[in-house]
Amino acid sequence: MQKLADKELLQDISIELGINPAFLEKDFYAVLVLEELSNLSNENLNLIFTGGTCLSKGYGLIKRFSEDIDFRIITNFELNRSKRKEIRESIIEKVKQIENLEILEETIKSQNESSFFSFDVQYPKEFEASFSLRPHLKLEFSFEKALLPFKKLPIRTITDECLNNEYKFEINCLSPIEIGANKLSALVWRINTRDRAVKLGHTKNDPTIIRHLHDLSALELQILKPEFIEIALKSFETDKGRGGADKTHSIQDFTNLALSNLTNQKEYIKEYESFVNSLSYASETEIIDYNKALQTFKNIAKFIQNYQE
């Protein structure tokens, strides 16, 4: 894959698709990072692509721009803090070697004894970004086992898809069922600990959580299965108490509370519409509106209730 985006080509494709070229530019560099990191997996270590970007780039199940690139790191050897740090530094060094990209050192964060780390990557910009577009790529990594089988999938830029170019590489991708289960847990605890009184954008008042509602709706046919609920329960147990959430509530309690908030707090409709208008590149017939997304969430809540009865 070339190391620098073709400005004229991005302009041409943006006109054809009706997409701001700044999004296509960021997509190009996100795929460049994915290609470089896809080479890290070996018989001892697997780097697994996950999250909304995986649903879009790997599975083609959603049509929205996703600014985070999420990974799980799975090893077949015993891990301790020192070993996790060693792997973290090797990944950071790998990204540093990518031509035209720069890790912003001040953004490197490590938590939970190095079991999670993240950093921002600066990339070349030829186009003025939309207000909704984060100015950097954000990469997040967690040392966490996969509960369902993962598989290698081909990855292409939106530009290559438009031009019908063949894919250049494959990367390990987490099951969409497991991604959906993680999204459900993240959505319900974040909604139920949200505090609109604090500054917008604060972790306690993050409007981007609405992306999980959108993605769950896109995944409805894949996730209304017993294994989805089983994994969601495990994910919820891990997340329980985050953000000051009440640890005594069950996933069913939290899902019902979240449904009430999504139904009654009209701000969520505005946030959802703003999100879709800014980051979705789906056609008019493919766009998931708020009513459809909310109905899917109701279906999930009912499925959980029936499963646990």
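Rule-based calculations on the coordinates, nothing more; no lab input. This is a predicted model, so every value here is computed, not measured. Reconstructed Cβ throughout: ideal geometry from the backbone, glycine too, with neighbour counts over all protein chains shown.
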Fill in: Cα gyration tensor shape of the range 32-96, rounded if a/c is under 1.5, else prolate or oblate by comparing a/b with b/c
prolate
Discussion item. Helix-only mean residue ellipticity at 222 nm, the chain, DSSP H runs n ≥ 4 weighted -39,500 (n - 2.57), per residue, nearest 500. What is it?
Written reply: -15000 deg cm²/dmol
Response to the item:
At q = 0.12, 0.14, 0.16, 0.18 Å⁻¹, the log10 of I(q)/I(0) for the range 177-308 from a Debye sum over equal Cα scatterers comes to -0.43, -0.59, -0.78, -0.99
Worksheet, complete the sentence: Here the net charge surrounding residue 6, from other residues whose Cβ is less than 12 Å away from its Cβ (Lys, Arg +1; Asp, Glu -1), is -3
Worksheet, complete the sentence: So, over other residues within a Cβ distance under 15 Å of residue 188, counting Lys, Arg +1 and Asp, Glu -1, the net charge is +4
Discussion item. Residue by residue through the range 144-154, what is 3J(HN,Hα) from phi via Karplus (6.51 cos²θ - 1.76 cosθ + 1.60, θ = phi - 60°)? Round to whole Hz and write x for glycine and proline.
Written reply: 8, 6, 8, 8, 10, x, 9, 8, 7, 10, x
Practice prompt. Starting from the Cα gyration tensor of the range 7-174, take the square roots of the eigenvalues, sort them a ≥ b ≥ c, and report rounded, prolate or oblate (rounded when a/c is under 1.5, otherwise prolate if a/b is larger than b/c, else oblate).
Written response: prolate
Worksheet item: How many percent of DSSP beta bridges within the chain run antiparallel, rounded to 5?
Response: 75 percent
Worksheet item: Assuming R0 = 22 Å, what is the FRET efficiency of residue 257 and residue 291, from their Cβ-Cβ distance, to the nearest 0.05?
Response: 0.65
Worksheet item: What are the principal axis extents of the Cα atoms in the chain, in Å, biggest first?
Response: 53, 49, 37
Worksheet entry | Cross-link pairs 57/125; 109/298; 145/204 - those with Cα-Cα distance over 25 Å | 109/298; 145/204
Fill in: Vicinal HN-Hα couplings computed from phi for the range 158-175 (Karplus, 6.51 cos²θ - 1.76 cosθ + 1.60; Hz; Gly/Pro x)
4, 4, 5, 4, 5, 8, 6, 6, 5, 6, 9, 7, 10, 9, 5, 10, 5, 4
Worksheet item: In the neighborhood of residue 52, defined by Cβ-to-Cβ distances under 15 Å, what is the net charge if each Lys or Arg adds +1 and each Asp or Glu adds -1?
Response: +2
Discussion item. Taking θ = phi - 60°, what integer Hz values does the Karplus form 6.51 cos²θ - 1.76 cosθ + 1.60 yield along the range 218-228, in sequence order, with x for Gly and Pro?
Written reply: 5, 9, 3, 5, 7, 9, 7, 9, x, 5, 5
Worksheet item: So what is Rg over Rh here for the range 102-184, counting just Cα atoms and using Kirkwood for Rh?
Response: 1.02
Response to the item:
Per DSSP, the loop-located chymotrypsin sites (Phe, Trp or Tyr not before Pro) within the range 1-98 having at most 10 other beta carbons within 10 Å are 77
Fill in: Lys, Arg +1 and Asp, Glu -1 on Cβ, resulting dipole of the chain about Cα centre, debye, nearest 20
1000 debye
